[in-house]
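Reading through the structure tokens given below for one structure.
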Amino acid sequence: MNIENIHRPLEGDASTPMLTKTFKSALCFLALLSATVSVQAQNETCGPLTNAYGPFNYRTQYEQIKVVEAFHFNADVANLRRGMTGSMASDLDYTLRASPNHSKALIAMMRLAERQKTEKPVGSSYSVECWFDRSLRFSPNDAIVRMIFADYLGKRNRKAEAIQQLDKVIEQGIDSPLTHYNLGLIFVDLGEFDRALEQAQVAYEMGIQQPTLKARLQAAGKWQETPSQ
């Protein structure tokens, strides 16, 4: 029996209100079940965020994160020279489970994957994309993570997805010239020069001094001064 037949009881049938109510309840249950299954599937793929220590927000809970960094994320790990307690990937894995939006550890994990020419470095519980998934589930408003993720997607020729991440950063509202500047650099990398120029002009009007973005736009023949300049 299909849904259409259930949804259309015969005219004059005294049971119509009850059938309609039952059908609506069934639809609500199915929608809830579908959402639950979707969340469960996501957690099974990239893991739940629960952790023995944390998880802690890298932007607001750095005192707790310093404990993790003391044992798992020093300059050697960040620069991919050697691990502290095992492999570099295992130390990065521990760091990102304790602080999912630890942007420096995310960058290191991304670089390690590129070095090993794999999406899941040896010793890591998850793929690089899963680490980004976990980070954005934990802190969806983290603009820095979204920009790093956009860079990751752009390098894999997933331009539309990268732009989606950058648009989400812009939608959140930006009060930092450095964020505008970094957005501009990523838009240049993606070949979106008009959007890069828009971000660059705002960043320079806000007083940023770094010359690289302007120089790259000039090299591409896309730089324009704003009227106030």
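We did not get these values from a lab; they are worked out from the coordinates using the rules stated. Since the structure is predicted, the reported quantities are computational estimates derived from the model, not experimental observations. Here Cβ is always computed from backbone atoms with ideal geometry, including for glycine, and neighbour counts include all displayed protein chains.
Calculated FRET efficiency, residue 82 to residue 176, Cβ-Cβ distance, R0 = 30 Å: about 0.30 to the nearest 0.05. By its C-alpha gyration tensor, with a ≥ b ≥ c as the square roots of the eigenvalues, how is the range 161-217 shaped: rounded for a/c under 1.5, else prolate for a/b larger than b/c, else oblate? Note, shape of the range 161-217 comes out oblate.
In terms of its C-alpha gyration tensor, the range 43-174 comes out oblate, because a/c is 1.5 or above while a/b does not outweigh b/c. Does the range 130-182 come out rounded, prolate or oblate, given a ≥ b ≥ c as the square roots of the eigenvalues of its C-alpha gyration tensor, rounded meaning a/c under 1.5 and, failing that, prolate meaning a/b above b/c? Oblate is the answer for the range 130-182, as a/c is 1.5 or above yet b/c matches or exceeds a/b.
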